[in-house]
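The values are calculated or read from the model by the stated rules, or taken from the named source; none is laboratory data. Remember, predicted model here, so these are calculated numbers, not experimental data. No Cβ is skipped: glycine too gets one built from the backbone with ideal geometry, and neighbour counts run over all protein chains shown.
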Amino acid sequence: MFARRHPFLFFLCVICGCFTFGLVAVSGIAVLGAFVVNNEISGVISSSPGNIGVVEVTGPIISSKKIIQDLKAFRDDDAIKAIILRIDSPGGGIGPSQEIYRELIKTRAEKKVIASMGSVAASGGYYIACAAQGIVANSGTITGSVGVIMEYANLEQIAKKIGIAPVVIKSGEYKDMGSPMRELKDSEKQLFQNLVDELHAQFVSDAAIARNMEINVMAKLADGRVYTGQTAMKLNLVDRIGNMDDAVQWAGQMAGIEGELTLVYPKEDKITLFKKLAETLFQDINLGTRLSGQFRYGFN
């Protein structure tokens with residue numbers, strides 16, 4: 001009875017309930033994962049001066065701020081002779097990925113940079129790896145996925161069933177393009193396709209230039225498929241098969257470091273549980289807003 005008398009309130013209750021449940025679940029997992037990672041790496045962070053800096057890119061690439069800060073810090077430190085970019089990421093936002101890529105290009109002009117791939121370094125993760133002077137992957141690393149994706153959920157039929165009719169007042173023909181409350185028009189689909197194609201061309205061009213590969217060769221590989229590290233090496237998408245230690249040894253050789261190779265990790269921010277939870281919730285809300293509102297797009 002409530003659903004029939006108050007369809008709009010019923011719809012809001014359902015959406016809010018589902019979103020809140022997902023938010024709490026994802027937030028709990030994310031915070032727990034953060035503490036597990038911190039516990040794992042806390043024992044290997046060196047308190048003594050070292051000669052190889054390690055910049056970690058873990059999880060979705062949502063922000064470039066911390067990574068760029070770490071790159072600049074190691075680049076300006078005369079004691080650091082080489083940098084390892086440790087990637088374990090499925091990709092992420094286009095803007096942040098491009099910002100990291102540009103910063104790596106600047107950095108490798110001054111110091112040797114080697115990318116070390118973990119379990120996955122795909123899409124945006126592969127994009128930033130290309131900016132290194134060498135890429136090391138495990139045989140089973142999942143990489144590639146060179147492409148751009150744009151998607152959204154069409155809730156039009158659900159809205160009709162519960163009696164919700166959208167009211168739109170807009171300043172231009174395409175201002176509500178991508179609204180989840182209606183189908184895309186053919187002209188709108190073409191505009192979005194042109195956008196995706198342009199972003200994809202940027203991805204292919206940057207990756208090809210950084211890898212010293214012909215653009216048409218990279219373009220043939222850039223159909224969105226994923227590759228294992230072993231296959232990626234055969235296709236010249238990565239340079240060597242190996243683990244983190246192999247990447248460190250290679251970086252030391254390229255930089256001409258004599259003696260012991262000592263890794264230096266950026267100082268971890270002292271962060272409280274409450275602050276960590278708040279940041280995680282903010283990211284979840286931001287992601288949820290993008291998913292429920294307009295298109296989600298990126299190097300994913």
Within the range 151-169, residues part of a helix (DSSP H, G or I) and more than 32 Å from the chain's Cα centre (by Cα) come out as GLN157, ALA159, LYS160, LYS161
Checking ALA201 against (1) surrounded by 15 or more Cβ atoms within 10 Å (Cβ to Cβ); (2) of a type in the set (A, V, I, L, M, F, W, C); (3) under 25 Å from the mean Cα position of the chain (by Cα); (4) part of a helix (DSSP H, G or I), only one condition comes out false. Which one? (1)
Considering only the range 204-218, how many residues are buried (at least 16 other Cβ atoms within 10 Å of the Cβ) and more than 22 Å from ILE100 (Cα to Cα)? 0
Can you go through TYR227, TYR174 and tell me which one is aromatic (Phe, Trp, Tyr) and without any contact (Cβ under 8 Å) to a residue 24 or more places away in the chain? TYR174
Exactly one condition in (1) at pLDDT 95 or above; (2) of a type in the set (D, E, K, R); (3) within 23 Å of GLN202 (Cβ to Cβ) is not met by GLU151; state its number. (1)
Give the range 110-147 a look and list any residue that's outside any strand (DSSP E or B) and surrounded by 24 or more Cβ atoms within 10 Å (Cβ to Cβ), or say none. SER123, GLY124, GLY125, TYR126, TYR127, ILE128, ALA129, ALA131, ALA132, THR141, SER145, VAL146
